[in-house]
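The values are calculated or read from the model by the stated rules, or taken from the named source; none is laboratory data. Since the structure is predicted, the reported quantities are computational estimates derived from the model, not experimental observations. Heads up, the Cβs are rebuilt from the backbone with ideal geometry, glycines too, and the neighbour counts pull from every protein chain shown. These accessible areas exclude ligands, DNA and RNA; they are computed on the full protein's heavy atoms, side chains included. Shrake-Rupley method; radii C 1.70, N 1.55, O 1.52, S 1.80 Å.
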Amino acid sequence: MSAGFDTVLIANRGEIALRIQRACRALGLRTVAAYAEPDREAPHVRHADIALCIGPAAAQRSYLDPTAILLAAEASGAQAIHPGYGFLSENAGFARSVEEAGLVFIGPRSETIALMGDKITAKRAMRAAGIPCVPGPDTGLPDDPVALHALAETIGYPVIAKAAGGGGGRGMRVVAGPEELDAALAVTRAEAARAFGNPEVYLEKFLRHPRHVEIQVLADAHGTALWLGARDCSLQRRHQKVLEEAPPPGIAADAIAAIGERCAAACRDIGYRGLGTFELLYEDGAFYFIEMNTRVQVEHTVTEMVTGLDLVQLQLRVARGEKLALRQDDIAVQGHAFECRINAEHPQSFVASPGRVTGWVQPGGPGIRVDTHMAAGSVVPPYYDSMIAKLIAHGADRSAALARLRVALDEMQVEGIHTNLALHRRLVRTDFVAGGGADIHALEQFLASA
Ligand code: ADP
């Protein structure tokens, strides 16, 4: 594909809209901010070459409204749309509309998004491409109750029922034994139909103590696909990531390279284009694919810190049809990086805490990076995700990075709203974070015991 463009419409908000805008500007690209009413004062709106209000606060009528976004592209003369993460970033129908309008969707082809957006077809495609998957069939469930129960027995309890169209940590239910199976499936199906418009559910083995390890990939439209190292995102609450790091501690570099190579080969197999992430579970020395994200991820920053690459710039360049000049041998991981997701939320209840930020002190110093759209006086609207900043720390090794992270967390101050800063400060002083290699349950166990 040859797809020159000089103006990019940013169909997102918050820190990622600003992050994308910075990458565009560094490449000499003009930016269009397509924003919802409450974001009119946002920095990326102020810096944009053209800013267009696309609707009211409700995301359904702004950031999730394909027609409003396409109209803004037409009105502004943007030739490309960057969807960021969340919102319409993994919506194959939207990507197709962008393609059909003759514009560049900054991401993979819409067919690839559709393939990966259904976790069952994704698993089937990845198994065919030689990626190890969590035990369980890559098909929907049999209608016959006897066959269904036999299937769960074959996988072996505990199993997990997952919505094929699920995302954001929702649409999953652990089933401990046969007596729970029918009810769990009924609830998961109903939830999936309501939340994702797709009632299809599948079963796989519930791994008891895995870590969440993911491989970052980057592919151009000319057959080059690279893997850019791995991240560990095991520290989660309700299947939502809280603290991430790169590289995953305690996993041999050659084991990561082996799975990384397979992921890059799978990208070549399916003609993948752009940035992407293979999400895997890691247990007892083995990797198991769970899903692929076909967009830039929140935690791309830790990979940037250890590889020295600007992933969003590279994403824009391959979307423009450029050939990657990088070779796999050029990719080196230097030191270690952590990222804390700073959310506007009550420290105990985790309920969102919107409002006006009256004081904002940002940390600094060597190896410290803060990706945020906030400052003193900013307002956190109640309508969107509660993440307000990402605090990233890099160091020559894991303990140096962690030491910098502790200092930075102590320096950072947010007044006027509640945040999870105190939780992060405690977390980075626990033995399980200091030791590294905690599993996906560690954070919830810590919260339950605290
Ligand atoms: P989502 O698309 O909602 O993010 P994922 O499939 O990526 O859902 O899973 C999110 C998290 O749920 C994983 O990081 C892991 O903590 C947990 N999880 C998913 N599948 C399994 C499984 N088979 N066994 C154990 N935990 C799982």
(message) If packing is taken as the average count of other Cβ atoms within 10 Å, what order do 96-106, 382-392 fall into, highest mean first?
(response) 382-392, 96-106
(request) For GLU411 paired with ALA58, estimate the spin-label separation in nm (one decimal), with each label point 7 Å from Cα along the Cα-to-Cβ line. (result) 4.4
(request) Select from the range 189-273 those trypsin sites (Lys or Arg not before Pro) which occupy a DSSP coil region and have at most 15 other Cβ atoms within 10 Å, ordered by residue number. (result) ARG208, ARG238
(request) Pairs of Cα atoms under 8 Å, at least six residues apart: use those to get the relative contact order of the chain, whole percent. (result) 14
(request) Using a cut-off of 12 Å between beta-carbons, work out the net charge of the residues near LEU103 (Lys and Arg +1, Asp and Glu -1, LEU103 not included). (result) -2
(request) Compute the length gained on full extension between HIS346 and ARG25: take 0.36 nm times their separation in residues and subtract their Cα-Cα distance, giving the result in nm to one decimal. (result) 112.0 nm
(request) Would you tell me the accessible area of HIS373, worked out with a 1.4 angstrom probe on the heavy atoms of the protein chains, in Å² to the nearest 10? (result) 30
(message) If I build a Gaussian network model for the chain, linking alpha-carbon pairs within less than 10 angstrom, which residue out of ALA246, ALA230, ALA114 has the largest mean-square fluctuation?
(response) ALA114
(message) For a test of understanding, tell me how many lysine pairs in the chain have Cα atoms under 20 Å apart, given they are 8 or more places apart or on different chains.
(response) 8
(message) Over 18 Å apart: what share of the alpha carbon pairs of the range 333-398 falls there, rounded to a whole percent?
(response) 45
(request) For the range 258-263, just list the computed ³J(HN,Hα) in residue order, Karplus coefficients 6.51, -1.76 and 1.60, θ = phi - 60°, integers in Hz, with x standing in for Gly and Pro. (result) 5, 6, x, 4, 5, 5
(request) Could you calculate, for the range 297-411, the ratio of the Cα radius of gyration to the Kirkwood radius, expressed as Rg to Rh? (result) 1.04
(request) Using a 10 angstrom cutoff on alpha carbons, build the Gaussian network for the chain and name the most mobile of ALA408, ALA75, ALA434. (result) ALA75
(message) Principal axis extents for the range 135-205, Cα atoms only, whole Å, descending order, please.
(response) 28, 22, 22
(request) With 5 Å bins from zero, work out the P(r) of the range 381-450 over every alpha carbon pair and list the percent per bin. (result) 3, 12, 23, 22, 20, 14, 5, 1
(request) Can you pull a Stokes-Einstein diffusion coefficient for the range 26-95 at 37 °C (0.692 mPa s), Rh from Kirkwood over Cα pairs, as a whole number of µm²/s? (result) 265
(message) In whole percent, and with a 1.4 Å probe on the protein chains, what portion of the accessible area of the chain is carbon and sulfur?
(response) 50
(request) Using per-residue counts of other Cβ atoms within 10 Å, averaged over each peptide, order 305-313, 330-338 from highest down. (result) 305-313, 330-338
(message) Given a Förster distance of 30 Å, report the FRET efficiency between THR358 and ALA403 from their Cβ-Cβ distance, rounded to the nearest 0.05.
(response) 0.50
(request) Quick one: which residues, 5+ away or cross-chain, put their amide H under 5 Å from the amide H of ALA51? H built at 1.01 Å from N. (result) ALA33
(request) Go ahead and run the numbers for FRET between ARG208 and GLU322, Cβ-Cβ distance against an R0 of 51 Å, rounding to 0.05. (result) 0.70
(message) Could you derive backbone 3J(HN,Hα) for the range 416-426 from the dihedral phi with the Karplus parameters 6.51, -1.76 and 1.60 (θ = phi - 60°), listing whole Hz in sequence and x where the residue is Gly or Pro?
(response) x, 9, 7, 9, 8, 4, 5, 4, 4, 4, 6
(message) For the chain, report the % of Cα-Cα distances exceeding 33 Å.
(response) 35
(message) Bins of 5 Å, beginning at zero and ending with the bin holding the largest distance: percent of Cα pairs per bin for the range 211-449, please.
(response) 1, 6, 14, 17, 18, 16, 13, 8, 5, 1, 0
(request) Specify the residue with the greatest mean-square fluctuation among HIS222, HIS44, HIS82, computed from a Gaussian network of the chain linking alpha-carbon atoms under 10 Å apart. (result) HIS222
